[in-house]
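One structure is given below, encoded as structure tokens.
The values are calculated or read from the model by the stated rules, or taken from the named source; none is laboratory data. This is a predicted model, so every value here is computed, not measured. Here the Cβ is made from the backbone with ideal geometry for all residues, glycine too, and neighbour counts use every protein chain on show. The area values use the complete protein model at the heavy-atom level, side chains included, leaving out ligands, DNA and RNA. Shrake-Rupley method; radii C 1.70, N 1.55, O 1.52, S 1.80 Å.
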Amino acid sequence: MPAVQSSVAILVSEEALLRYNGIVSAVQNVAQFAAVPLAALTLSFGGISSAMLLDVVTAAVAVGVLAVAVKLPRVEATSRALSQEKAGLFEDVREGARYARNERAVGFVLTSYGAFIFLSVPSGFLVPLLMERAFDASYAMLAFAEGAGCFSMVVGGVVLAAFADRMKGVALPLGLITYGAGSMGVGLATGCPLFLVDLVVLSAAISLVQAAVTAHLQSFVDPAMMGRVFGFMGSMYAGLMSLGSLLFGLLADGAPAWTLPTLCGAAVALFGVMFLPRMISSHRREAGCFK
């Protein structure tokens, strides 16, 4: 994934990065939505071996298309990148962390993203628990909620792609504020219909945040450091998601169902409000960086 995200910055112009990532978000969520029934059919009729074979075949097709249809222009490596050329995986991740610490623009975006990942766990991954506790939800209702959330993420990506020019500089804080509002709504909902509406809102905001973070990093990270930064971003996602699941999962055993998504949603929304003026002012600068 870091290699793909790094290559995009080479192929796509800076003006089109936000629109491109909105399209990618929509396509990925359509694929995830379609993969569920496809996986069920494959496992039902062919077993696990057929599912694994399908994985291999689709990967081969994708690699073949890239090899034949896509030609990446060569990017000259800087002396800094050459000095790290033979470094291992963990050294690459550490180098990405050091670069993010030294570059305020990169550090700012990654800090926003990290806070979002950590604080989104209660409303993003404890939804089945919330629905079962608050509304005694059936399996059908849980499945409907998952489908509605996935569909709204597709819609969020489509909206971002359609209005990318108007949302430059505000997509990230807007996504954080919208997600926070939806998370608070999920926690404070008094009925299942209102709960589902708020779930749809916060799911659509996920596409805004993820696409905006990726587009920002692709637009101003040194090309020679792009892979290391996205590698660090992936490690940060996995680490904060695991930490959030551990912490909030333990707290959910004793806390009322509404407290965690409400409080975390308020924190995410506050984060977006705090950084909205900074994102707007930085977007107006020719350099496009937070200096």
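At a glance:
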| read-out | value |
| --- | --- |
| Å² of accessible area per residue within the chain, as computed with a 1.4 Å probe and no ligands counted | 53 |
| Calculated FRET efficiency for the pair F151/L188, C-beta based, R₀ 25 Å, to 0.05 | 0.60 |
| Projected label distance in nm at Y139 and E14, using a 7 Å step from Cα toward the beta-carbon | 5.3 |
| Tensor-based shape of the stretch 141-251 (alpha-carbon gyration tensor, a/c under 1.5 rounded, otherwise prolate or oblate) | oblate |
| Geometric extent, Cα atoms of the stretch 12-64 - Rg, Dmax (angstrom) | 15.1, 46 |
| Unit charges at the beta carbon, dipole of the stretch 1-156: most positive-side option, A143, V63, L17 | L17 |
| Probe 1.4 Å - accessible area at L247, Å² to nearest ten | 80 |
| Segment M1-R74, length gained on full extension (0.36 nm per residue, minus Cα span) | 24.4 nm |
| Accessible area in the full protein assembly, largest first, 1.4 Å probe, for S13, S25 | S13, S25 |
| Candidate residues R166, R104: accessible-area rank, largest first, probe 1.4 Å | R166, R104 |
| Listed residues D198, D136 arranged by accessible area, highest first, probe 1.4 Å | D136, D198 |
| The chain, helix-only ellipticity at 222 nm - DSSP H runs n ≥ 4, -39,500 (n - 2.57), divided by all residues, nearest 500 | -28000 deg cm²/dmol |
| Semi-axis lengths (Å, descending) of the ellipsoid that matches the C-alpha gyration tensor of the stretch 179-239 | 34, 11, 7 |
| Pairwise FRET efficiency - L54 versus L250, Cβ, R0 = 35 Å, nearest 0.05 | 0.40 |
| Student exercise, the chain dipole from Lys, Arg, Asp, Glu Cβ charges, in Debye to nearest 20 | 780 |
| Cα gyration tensor category, rounded, prolate or oblate, for the stretch 1-156 with a/c compared to 1.5 | oblate |
| Nearest-10 value in Å² for the accessible area of M1, using the 1.4 Å probe | 140 |
| Cβ-Cβ FRET estimate between Q28 and A238, R0 fixed at 22 Å, reported to 0.05 | 0.80 |
| Shape call, the stretch 98-174: gyration tensor on alpha carbons, a/c limit 1.5 | oblate |
| Nearest-10 value in Å² for the accessible area of I23, using the 1.4 Å probe | 90 |
| Share of carbon and sulfur in the accessible heavy-atom surface of the stretch 1-154 [1.4 Å probe, %] | 68 |
